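Before any comments, here is the structure.
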Amino acid sequence: MTKKNTTIENGDAAHVDDDGDVVLDENESEELPASDASLAARILWVRDRVTVLGKDTQVGTQYKAISHDKITGYLRPKLVQAGIFHWTTCIEHTDIETGQVTDAGRKITQHRAVYAVTFEAVHDKADCRTLNVVAYADDYGDKAPGKGLSYATKYALLKICMIETGEEDEERTADDPGSRVGRIIDDENMLTTLFDTAEELFGDDASRTLKAMAARRFFVESYGDIPQDRFDDALRALRVSKKQMDASKAKHGGDDESE
């Protein structure tokens, strides 16, 4: 791992790792919050332990996003050390028909929910704060509630701990198709659609098929590296591959290897 020495705002020595995360040096002393510290003081302690959390998930060819797993894995030990317990509760939800269907004719629904993410000081259950987060998730099966739950928890942690990711939300508008947030949201939806389509067409072979398609048809390592403007081509390639596989099976009267 490559380390680049730096200093964070409170004067502690730190380094920047390969993922772009600014973290305290391992030999830096950790003075934990006092047993009678308030929840606010504990949250401030966590905020003081991280300045920037680099994005770990490649989206398209130009952008990166920060994943739920990275946020959870990075913050879990700090929240435990600080004596902060948190949980997420769905307080209201509804499912809306989008009017769209998959290639196999399965209806795509949108799960809309409001989640309450509660943070509690473990030494004083009465000292707690709740952040409400609205989340939408599209799916043709049963994954939408889980997607919404992950989204709500991820952004509650980002905001409550004031983690920097290198994006300026205030300078972006979702209505502007040329804005960075618009392109990122589109890319994330496209990646989800690609995988869901591959899973519907190829089942357990979805990941292998996507990897092969990315390499053979688009000359990239991962389907996440396929350019946004080639999204329709990627969907078409999946469908063509499925038709070719089915035709080969019918011709030879047995299973045939898909790409």
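Overview of results
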{"item": "Filtered residue count, segment 118-154, keeping only those that are in contact (Cβ under 8 Å) with a residue 40 or more places away in the chain and either at positive phi or in a strand (DSSP E or B) (or both)", "result": "10"}
{"item": "Hits in segment 97-114 - residues which are among the charged types (D, E, K, R) and farther than 21 Å from Lys243 by Cβ", "result": "Glu97, Lys107, Arg112"}
{"item": "Complete set of residues in segment 211-233 that are at pLDDT below 85 and among the small types (Gly, Ala, Ser)", "result": "Ala214, Ala215, Ser222, Gly224"}
{"item": "Tally, over segment 128-148, of residues that are touching an Asp or Glu at 6+ places or on another chain (Cβ under 9 Å) and hydrophobic (A, V, I, L, M, F, W, C)", "result": "2"}
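The values are calculated or read from the model by the stated rules, or taken from the named source; none is laboratory data. On a predicted model such as this, the values are computed, not experimentally measured, just so you know. Positions of Cβ are generated from backbone atoms using ideal geometry, with glycine treated the same way; all protein chains shown enter the neighbour counts.
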